[in-house]
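What follows is calculated from the coordinates using simple rules that are stated; it is not laboratory data. Keep in mind it's a predicted model, so treat the numbers as computed, not measured. Cβ atoms come from the backbone with ideal geometry, glycine included; neighbour counts cover every protein chain shown.
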Amino acid sequence: MANLIYSINGPVVTVKDTSDFSMMEMVYVGHKRLMGEVIGITEEKTTIQVYESTTGLKPGEEVVGSKTLLSVTLGPGILSNIFDGIERPLKDIQQLEGAFISEGQSITSLDKNKKWNVTFDVKVNDEVKGGTIFARTKETDLIEHRSMIPLEVEGKVIEVKPDGEYTAYETLLRVEDKTGKVHEVALSQKWPIKVPRPIKHRRPISIPLVTGQRVLDTTFPIAKGGAAAVPGGFGAGKTMLQHQIAKWCDADIIVYVGCGERGNEMTQVLEEFSELVDPRTGKPLLDRTVLIANTSNMPVAAREASIYTGITLAEYYRDMGYHVAIMADSTSRWAEALREISGRLEEMPAEEGFPAYLPSRIAQFYERSGYVDNLNDTEGSVTIIGAVSPQGGDFSEPVTQNTKRFVRSFWALDKSLAYARHYPAVNWNQSYSEYVDDLSAWYNKNVARDFLSLRDEIIAILHDEQKLNEIVKLIGSDVLPEDQKLTLEVAKVIRVGFLQQNAFHADDTYVPLEKQYKMLKVISYLNSACIKLVNKRIPVSLISNTGVFDLLIKIKYDVPNNNIAMLDEYPAKIDELLATIV
Ligand code: ADP
Ligand code: MG
């Protein structure tokens, strides 16, 4: 007997009196075969959320089960692509603005006709199991795609095609398991998006994800395999910061999930990304990037799915042995999708109308980050960077607060800094990174033994400035003792000359760690040299008149990235200027 739609409420559809469906099963709804997922089963009814627009859908239309979980297709052709939240290719950015994909159309995620040049790693009689890399293809100019045996397959290869050109969907390999059952393996396979892909084991965090952004790398670093949140009100610079990281960070693969933002903003993102060039190779950045776009005018349930689709694609490339960074902009829009669906289900709302399971959903997402040993003994990582956009920039709301529990880097964007055009507007008093200790051995070995002590020194000066500012607010700076006036001057050098970074300047947009370190060293040298003078009762105003502070503020523009050694000359320059006082 057919299962017929009983009720429709926005993206939520129910079917009465059925025992045919199971939880989280993917179903096809109505004669247009809209994609949906079973999200509730009781004796009386089955509840389904639909990932496509239900406009025009009527009670009495049929719902058909698929006996599988909501899944994405994994295989070559993911990179350089733009997908919607359920991994349907958006061929044209026009689709983002207009009526986009025709509903219920069954299009394959990956190009059915494209042939890939395949080299096999296995031969007949080889034993293989889930995760074994069996073939390689050049997916883009930058990335080798390493096809893996599906997780449920284990056994002996009984047939392999010769090296050559094949599509993603044709059978290339036959594997016979212990029971004699033969499994067919292609370049592509399915994976349910809400199930984390298995790993051998997690490794401790020990390597930074270098972004070239000083306020992140030096002051509040993120680790490969770590998780960070970027909370900030509208216009604080979340999207810009995510873009800077996507462009410059030293991950192999970037997954960028544009979630619930306006269509025109996403279009801009996509246009910008299409023009970007990977700075390390000169090839298009899209060669190592996949974009998932779910604009505010697309169906709300697909927005909920887009986060899981993104993280699943990220894990897939991790499993090949790559370092993957995933950016989600914005997780608040995703949480709002959860809230909307929960409301339609008439669930008991918790804080601010969000469902009670909001914290566990946020946790499940961030817990899929990690630095791991893969089943095939390669190592890889997934680093998650989630933007949070609280109404009015109020960080006490549930999405920001719950996200904070599950990430270890917190980059609080501050509207007043953005307003003062201090970019990136990362507030140094509210932000933190809990990865510093995990990374210290790496810094000692790869940057310098005094890198972290220099970092601590500038952070201490910034904290002192914050305390002094309270006093200055009450009584003005004139009455401060000279050593405290010096603190304010040096803090300004740190804020303007170091933390502030110009995304539009050819050299300043990305700064290697070595330059960050040498800049710190010069600032520290300045600080000690000035303290000596102040101890000799030389007024800070005289020091300031030498132009030494201005000299340091300009270092970021005056020292090009290809001549970092120039920074070694700065202590002498500082001495020279200071010598003019005496
Ligand atoms: P959000 O995503 O938080 O709403 P955006 O990232 O879109 O904010 O930033 C809003 C505007 O602020 C940008 O269009 C740009 O003009 C400015 N801006 C943000 N970050 C920077 C930056 N690093 N350098 C220069 N301008 C910036
Ligand atoms: Mg934005």
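The table that follows gives values for the structure above.
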{"item": "Global form of segment 335-450, assessed from the alpha-carbon gyration tensor, a/c cut-off 1.5", "result": "oblate"}
{"item": "Rounded to 10°, Cα long-axis angle of helix 570-579 versus longest principal axis of the chain", "result": "30"}
{"item": "Helix-only [θ]222 nm of the chain, DSSP H runs n ≥ 4, -39500 (n - 2.57) each, per residue, nearest 500", "result": "-9500 deg cm²/dmol"}
{"item": "Relative exposure of Met266, Met566, judged by other C-beta atoms within 10 Å (fewest first)", "result": "Met566, Met266"}
{"item": "Cβ-defined net charge surrounding Ala363, 12 Å radius [Lys, Arg +1; Asp, Glu -1]", "result": "+3"}
{"item": "Shape call, the chain: gyration tensor on alpha carbons, a/c limit 1.5", "result": "prolate"}
{"item": "Cα-based helix-to-principal-axis angle, 482-492 vs the chain, degrees rounded to 10", "result": "30"}
{"item": "Environment charge at Gly40 (Cβ cut-off 14 Å; Lys +1, Arg +1, Asp -1, Glu -1)", "result": "-3"}
{"item": "Rounded FRET efficiency, nearest 0.05, which uses the C-beta distance separating Arg344 from Asn429 and R0 of 56 Å", "result": "0.85"}
{"item": "Sequence of Thr18, Thr289 once ranked by neighbouring C-beta atoms within 10 Å, starting from the fewest", "result": "Thr18, Thr289"}
{"item": "Separation in nanometres of the label points that stand 7 Å from Cα toward Cβ, at Ser440 and Leu151", "result": "3.7"}
{"item": "Nearest-ten-degree value, helix 436-446 long axis tilted from longest Cα axis of the chain", "result": "70"}
{"item": "Cβ-based exposure ranking for Glu304, Glu336, in which fewest neighbours within 10 Å come first", "result": "Glu336, Glu304"}
